[in-house]
Structures are given as C-alpha cells and as structure tokens.
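Have a look at the structure below before the remarks.
The values are calculated or read from the model by the stated rules, or taken from the named source; none is laboratory data. Just so we're clear, the structure is a prediction, and the values are computed from it rather than from any experiment. Because the Cβ atoms are built from the backbone with ideal geometry, glycine has one as well, and the counts that use them run over all protein chains shown. Surface areas here come from the heavy atoms of the whole protein model, side chains and all, with no ligands, DNA or RNA. Shrake-Rupley method; radii C 1.70, N 1.55, O 1.52, S 1.80 Å.
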Amino acid sequence: MTVAIDRATGKRRGDRPQRPGLGQRLKHGYQKHWYAYAMIAPVAVVLGVLVLYPLVYGLYLTLTDANSLNTARTIGVNHIDATYKFIGLDNYADILWGDTAYDRFWSHFIWTIVWTAACVALHYGIGLGLALLLNQKLRGRTFYRLILILPWAVPTFVTVFGWRFMLADSGIINSFLGTLHLPTPSWLEDTFWQRFAAIMVNTWCGVPFMMVSLLGGLQSIDSSLYEAAEMDGANAWQRFRYVTLPGLRSVSSTVVLLGIIWTFNQFAIIFLLFGDTAPDAQILVTWAYYLGFGQQPRDFAQSAAYGILLLAILIVFTSFYRRWLNRNDQQLAI
C-alpha cells in the first residue's frame, strides 16, 4: 500500500487535521463572535446576580440550620456573628420523613397538586370555550374581547383585594345569597370554602391569558380544513375533535405547561387572599414563605429547602411532560 506524503508539511494526505485545544477554540470563538458576547454580557450579569447567586446561596442554606436567631445581624451598633452550622441533608430528611412531615409538607403538597390541576383544567376549559365563541363572526366581537381580557390586564393585587371584599361575611356575594335564602359560606374562614375561593379567584385571573393564546391558535388553523371536513359530512363535534384540537396541539401543550408552572408557584393570590390566617389553604410556595418570614424564629434553612424541592419537582415534571409530548408526536407522525 502506497501512502502519499505532502512534502511541504510532512503529513500523510487524507489524515484528519488535529483538533485545536479548548483554549484555542475559546479564543477563536471570542474573536469571531465578540460582538454577540458583548450584547449578552449585561443580561448574563443581571441573571447571575438576580437568579444564579440567590439559587446557589439558597442551596447552601438548605445544608445548614440557619434561622433568625443564629444568622449574622446588627442590633444598634452591635454586630452579632453567625453561629449556624452545617448539617448536611437533615433539612430534607426532616421535611420528607420527619415526625411532622405530613402536616408540614405532604398535606400542602397534595393540596398544591389539587389546586394546580383544578385551576389549569378550568383555565383551559373555560378559555377554550371563550376562544371558540370569539372566533365566530359576532357583532361587537372586539368589545367582547376587550371585556374578557380585563381581568388579566388589571393588577393582581387589585383583583384579589376586590374579591376579598366581595367574599367577606358581609360582602356582596353573601348578601346576594342571603336574599335568595341560600346558605352563606364562610369563604375566608372555613378550610373547604377557603380552597374553593382560592380556585375561583385564580380561575378568574388566569382564564384571559388562556383565552387569548388559544384564540391565536384557532386563527392560525387553515379554514380549508374545516371546509374539507364539512364536505366529507363531519358534524360540529367531529370538526372540533379532528381539526380544531390537532390544530391547537402545539399551542395547547405550551400554554398548559406555562399554566402548570405559574399556578404551582402562584404566590400572590393565596397570600393576598388569606395572608397567614389560613394554614390549610397554603400551597407549598406560600408555606415556604411562612416558614421563612411569617413565624418566629424564622427558619431560613427549611424555607430554602422548600424552594429547592419546588424547583426539583418542576424540573422533573417538565422533563417528563416534554418527553411525553415528543413520544406522542412521534406516534402521530408514524
């Protein structure tokens, strides 16, 4: 076998060129894309300060017994040094398997799952129904869209405080029920009605976003598909099942995932509606806030551990959700 050798370089022809080292690749990439790095540098710095640093510091706190009594603090002119110590994974073990694990974590976890599932189902169902109505040729359709999107446009705290006044014992809702000689629930005191009220208020706030997103998806579906289905004799339900729902698949998968993440971490509605007066209606994120800032002594370590557990739950769920969607897409392609 004859091997051709390049006289100028002394290398055999056909050999692959040697891959440059990591340092050379980074230098070449910087020289070629320095402008892009300069553009994203401010964003990277802001994300590092506002997201990465608190996340890393919070993860560190979960491995300690830090609370408001043993952390560094200044009282007047006196500075007290931190005395908390490293305890490893004891916080996670206490939260998940401790003597009070059910009352402190699992009961709130179960309620958070129920809260998320009920709210997202109502968001999607009502939002899809309204989107289908607004997609029709109606007189005054623009006015209806404006009215229906108002709950999303109004700041959340204004909406929640309005509902809080209406749900009070002497509020307009109980007054109206009283005039009809119907029972007047204790919306803000009884555990069942607290949870029912929380789902109702969150549904009011979340439906407009789902409606607008699905309406955009409906308008992107080719009208010729409906015409072809109608010519084939498909009724309204069949057109909805075999044309509308598949056409909304990509939009639906995205908005449902966003809705689950937002609802799972929905702090404002629960906190503004009940504060810390409804322990059985607290979801995980508001319960974590209560541990860290609503009691004495404030338990920073356990509060941070709840935050890390919330992040882990959402990461695992999102991974399985995206994998399930991809598998279904592959099956449909086949």
Going residue by residue through segment 246-254, is there one that turns out to be outside any helix (DSSP H, G or I) and of a type outside the set (Phe, Trp, Tyr)? yes
Before we move on, is VAL251 more than 19 Å from ASP94 (Cα to Cα), in contact with a His (Cβ under 9 Å, 6 or more places away or on another chain) and either surrounded by 13 or more Cβ atoms within 10 Å (Cβ to Cβ) or not aliphatic (A, V, I, L, M) (or both)? no
Just checking, does segment 219-236 include any residue being of a type in the set (Val, Ile, Thr), in contact (Cβ under 8 Å) with a residue 24 or more places away in the chain and open to solvent by less than 60 Å² (accessible area, probe 1.4 Å)? yes
Could you tell me whether PHE240 is part of a helix (DSSP H, G or I), closer than 25 Å to CYS205 by Cβ and among the aromatic types (Phe, Trp, Tyr)? no
Condition set among the hydrophobic types (A, V, I, L, M, F, W, C) and in a helix (DSSP H, G or I), scope segment 134-143, selection least open to solvent (accessible area, probe 1.4 Å): answer is LEU134
GLN266 versus (1) under 21 Å from GLY127 (Cβ atoms); (2) in a helix (DSSP H, G or I): which is the lone unmet condition? (2)
Would you check which residues across segment 264-285 are within 22 Å of PHE317 (Cβ to Cβ), out of contact with any Phe, Trp or Tyr (no Cβ under 7 Å at 6 or more places or on another chain) and surrounded by 19 or more Cβ atoms within 10 Å (Cβ to Cβ) and list them? PHE264, GLN266, ILE269, ILE270
Where the second residue is open to solvent by 40 Å² or more (accessible area, probe 1.4 Å) and not in a helix (DSSP H, G or I) and the first is more than 22 Å from ARG104 (Cα to Cα) and touching a residue at least 12 places away in the same chain (Cβ under 8 Å) and lies in segment 306-329, which pairs have Cβ atoms under 9 Å and are six or more apart or on separate chains? none
Pairs only if they're at least six apart or on different chains, beta carbon under 7 angstrom, first in segment 136-155 and within 17 Å of VAL201 (Cα to Cα), second open to solvent by 80 Å² or more (accessible area, probe 1.4 Å); list them, first residue then second. PRO151/TRP204
Here's a check for you: in segment 174-189, which residue that is open to solvent by less than 40 Å² (accessible area, probe 1.4 Å) and over 30 Å from the mean Cα position of the chain (by Cα) is nearest to ASP280 (Cα to Cα)? PRO185
If MET210 satisfies all but one of (1) open to solvent by less than 80 Å² (accessible area, probe 1.4 Å); (2) out of contact with any Phe, Trp or Tyr (no Cβ under 8 Å at 6 or more places or on another chain), what's the number of the condition it fails? (2)
Residue pairs meeting the criteria (Cβ under 6 Å; at least 6 apart or on separate chains; first over 17 Å from TYR306 (Cβ atoms), in segment 73-93; second loosely packed, with under 13 Cβ neighbours inside 10 Å and not aliphatic (A, V, I, L, M)): ILE80/ARG73
Return the residues of segment 168-205 that are farther than 22 Å from VAL114 by Cα and aliphatic (A, V, I, L, M); say none if nothing qualifies. ALA168, ILE172, ILE173, LEU177, LEU180, LEU182
Please indicate, with yes or no, whether at least one residue in segment 60-69 is closer than 18 Å to ALA301 by Cα, aromatic (Phe, Trp, Tyr), at pLDDT 85 or above and not in a loop (DSSP other than H, G, I, E, B). yes
Going through segment 156-172 one residue at a time, which ones are more than 14 Å from PHE271 (Cα to Cα), open to solvent by 40 Å² or more (accessible area, probe 1.4 Å) and either of a type in the set (A, V, I, L, M, F, W, C) or in contact with a Gly (Cβ under 9 Å, 6 or more places away or on another chain) (or both)? PHE165, MET166, ILE172
Hey, among ALA131, ALA121, ALA153, which residue is open to solvent by 40 Å² or more (accessible area, probe 1.4 Å) and modelled with pLDDT of 90 or more? ALA121
Where residues in segment 1-31 are surrounded by 10 or more Cβ atoms within 10 Å (Cβ to Cβ) and in a helix (DSSP H, G or I), which of them is modelled with the highest pLDDT? GLN24
